[in-house]
1. Would you mention how many residues in the range A:135-192 are in contact (Cβ under 8 Å) with a residue 60 or more places away in the chain, among the basic types (K, R) and away from chain B (no Cβ under 14 Å)?
2. Looking at the range A:112-135, which of the residues that are part of a helix (DSSP H, G or I) and out of contact with any helix residue (DSSP H, G or I) (no Cβ under 6 Å at 6 or more places or on another chain) is surrounded by the fewest Cβ atoms within 10 Å (Cβ to Cβ)?
3. Return yes or no: is A:A72 among the small types (G, A, S) and closer than 24 Å to A:L262 by Cα?
4. Enumerate the pairs (first residue in the range B:27-43 and under 21 Å from A:I404 (Cα atoms) and more than 7 Å from chain A (Cβ to nearest Cβ); second residue anywhere and not hydroxyl-bearing (S, T, Y) and not in a helix (DSSP H, G or I)) with beta-carbon separation below 6 Å, excluding pairs fewer than 6 apart on the same chain, so at least 6 apart or on different chains.
5. Got a number for residues in the range B:326-344 being facing another protein chain (nearest Cβ under 7 Å) and surrounded by fewer than 18 Cβ atoms within 10 Å (Cβ to Cβ)?
6. Looking at the range B:284-301, is at least one residue within 14 Å of another protein chain (Cβ to nearest Cβ), in contact (Cβ under 8 Å) with a residue 24 or more places away in the chain and of a type in the set (F, W, Y)?
7. I'd like to check something: does the range B:46-69 contain any residue that is more than 30 Å from A:S433 (Cα to Cα), among the basic types (K, R) and assigned to a helix (DSSP H, G or I)?
8. Which of the numbered conditions does A:M383 fail, given that it passes all the others? Conditions: (1) in contact with a Lys or Arg (Cβ under 9 Å, 6 or more places away or on another chain); (2) touching a residue at least 12 places away in the same chain (Cβ under 8 Å).
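The values are calculated or read from the model by the stated rules, or taken from the named source; none is laboratory data. Note that the structure is predicted; figures quoted are calculated from it, not measured. Cβ placement follows ideal geometry from the backbone for every residue including glycine, while neighbour counts extend to all protein chains displayed.
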Amino acid sequence: MISVPSFVYSMIFPVFDRAIFAYFMLLLLSYGTLVAAALWELIGHVLRVRGESRQWVLGSAVSPSISILAPAYNEEATIAESVTALLALHYANLEVVVINDGSPDRTLEVLRDRFALVPVHTIVWRRLDTKPVRRLYRSKTHPNLVVVDKVNGGKADALNVGLNLATGDLVCVIDADTIVDADALPRLARPFLADAATIATGGMIRVANGSQVSGGRVLEVKAPRNPLAGMQVSEYLRAFLFGRLGWNELGGTLIISGAFGLFHREAMIACGGYTHDTVGEDMELVLKLRRRAYEAGQRHRVLFVPDAVAWTEVPETVAVLGRQRDRWHRGLADVLWRHRRLIGNPKYGAMGLVGLPYFLIVELLAPVTELLGWVALAVWVLMGALNAKIALLFFALAYGLNAIHGTLAVLADELSFPRYRRTRDRLIVIGWSMLETFGYRQLTVLWRVRGLWKFLRGRTDWGKMERRGFAPPTVAAPGAASSPPGPVRAPA
Amino acid sequence: MNDSLLLTLGLRVLAVETALATGLVLVVLLAASFGEWWRRRRARQLAAARDVMARLLTGASPSAADEDVLRALPLGVQEALVLEFGRAVRGVSVERLSALGHRLGITTRAADRCASRFWWSRLQGARLLGALDHDCAALRARLDDPHPTVRAEVLHWAAGRADGQVIDALVARLVDPARLCRFTVRDSLLRVGQPAARALAQFLERDDSIALADALFVARGLAQPELIAPAIRLCEHPHAIVRARAVSVLGALGGDDAASVLLARLQDDDALVREAAARAIGEIGHWGGASALADRLGDTSFPVRRESAISLRRLGSVGVLVLRRARQSSNPFAVDMATQVLDLPDSVFHRIAA
């Protein structure tokens, strides 16, 4: 045991204790507020949409047109199925723009053969600056399909090319490997009909691992048996149902997942589209949209829609998940740094005073605080300064809160828009949620701290994302990986 | 705070947490198993009742026993059936559904709900009455409901009741503060069709707000002769969006007066108006506008160039000839646009031009 100078006991330990306790209470307050706001919003939303006919929106000549932007890189194995599924989405006035981001594989050939593409003279209204477009194609069999082949420039650049080409009033951004529920678009478009101030809406991203997928549709939803995927189900539920939905009420929504979001096209173009040199381009875009609206004095709304669902395959290996989380955290740090002048600035309303400080203190710094807590624990053990009972109790309290948070998310899901048909699957999800605290949580802390460290060292690479794929195995490349679900953690 | 006090307090909080977590898990389990049982039961009931309902609505040997089967179902299932069939059936089946709803007491209950102090209850009442195609004072009163979702639901129903009072109410709602209601009104007026044209023309004559843009959108869809005069007048409106919409109304109506106005609007200061004018000339098939459209192929605005080229192709052989000549133009913008539009496959062109 290490001998400890008396001033450490009398001065440093109490201050450190109190700081950790204060942070813990802040987390509790934040999560409590978000959960309460989310449940309030969820009840209102369920009452509004229960028994509503979506045919009304679908069949109306007044409904806004939607352009879906699907960037693709090395997707030859799945692209035909993905695009067919997009073309079959339930929305009358729909255009699908597929952007082949310089794939070296046969992505373009597959598209050309499957959809009878013919080249047309390539001119693009360059409202946003992008890498050169090589060729523009239209389909003889699917008049609402546009395919563009461009020089590789990453996901943000591909999306900006799509924005230049899109003609819809609204633009839906999805990852090429995201599976969108057939009726998700009218649900996602509803807030745009309800309020002219709506500039963006985001859908619920659910985990497709373990479910039965065929023909670009999720046929039967099952809980994943893989532990990493299973724990992410619980994380995603908490992140979307509480994190995102809660911010709807509080006015601080800052993230629309790049895997499935709907945006006002002109607003996107007016704010300069996606930023190229960041790995957090989804959050960056929303911040730019909102910042511009605040600066122009415009009322605006960015909303999460819990019943508009898209499915994604989450990583099932520690290495890939680690890279993903590291990148998400780097993205968060980068975006907060770029917009640091907005933090705490009353000019930016709820976003500046509540949303951004929350993301800085609770989201960005949480892993650092948690890591410090673990390190302090180890040091105190070595110093013999630890009251084992209190430490154990603190851990049990944190675990209990985590369990309540996770179970509440499963319950909210069950009572609003349930997807699991079997009780067994719900039990499995609750089980994964209970196990999260042992190991998985600590790993995410390490990955996020690593992300922060890399950000401080100026690393901006995406990292390789390997996916097993719903169909034959594929490898998605730089810029084609799925996007962060946002706040996912529980107090600890 | 000393350690023992902290420990006692912590243990108490932990006990509460444990109780709460256990309770929540139990509630999830209950909700899941009860929910699963309830959904299966409801699915069975609905499946059986759909056949009965179909017999009753198609008139294929319905019997009193069939009606008793429906009456024996829980109210929620009866209402779900009414909503489902109300959206699917037309003509005489709607009348049968309405009569059936009356006999089962659904109509009365829904009308009562329309007077509820809770908006979600009024909404459900309005949806049921709408599905039953039932007209009553309780439902009409909801045209002025304070909650926009309820108001929108009734405005949607109103499209099927195109009497003078309803049409006036619909047109008046073009200036509704809620966008959802304005969206619904536009949709409903389009579904009402020709009977709404007169009230709309009067609105266009008397209103001077930005709501004119919405009204003109509807006017384009209705395309009735009485809308020509106000549309021509509004082509001079100070708001570009109103001018553009007025121009597009003329594109749907045509006529010599319209053609000359459209040619003039091709020189408008605002690109939005020029774009609409270019499109409208193609829509009315005005060959005389081909050279003016050819000039617009070199416009500073991309959408104006695109619409001009599409309109030229839409004019048929004359326009295609002009487009082919434009490929030799000294203006590279005109060359590019003409080439692209000529390259478009027929299926794509027809979709764009539609």
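1. 2
2. Checked the range A:112-135; the qualifying residue surrounded by the fewest Cβ atoms within 10 Å (Cβ to Cβ) is A:D113.
3. Yes; evaluated as a whole, the condition is true for this residue.
4. Nothing qualifies.
5. Residues that pass the stated criteria total 1.
6. Taking every residue of the range B:284-301 in turn, none turns out to be within 14 Å of another protein chain (Cβ to nearest Cβ), in contact (Cβ under 8 Å) with a residue 24 or more places away in the chain and of a type in the set (F, W, Y).
7. Yes, the range B:46-69 has at least one match.
8. Status for A:M383: all satisfied but (1).
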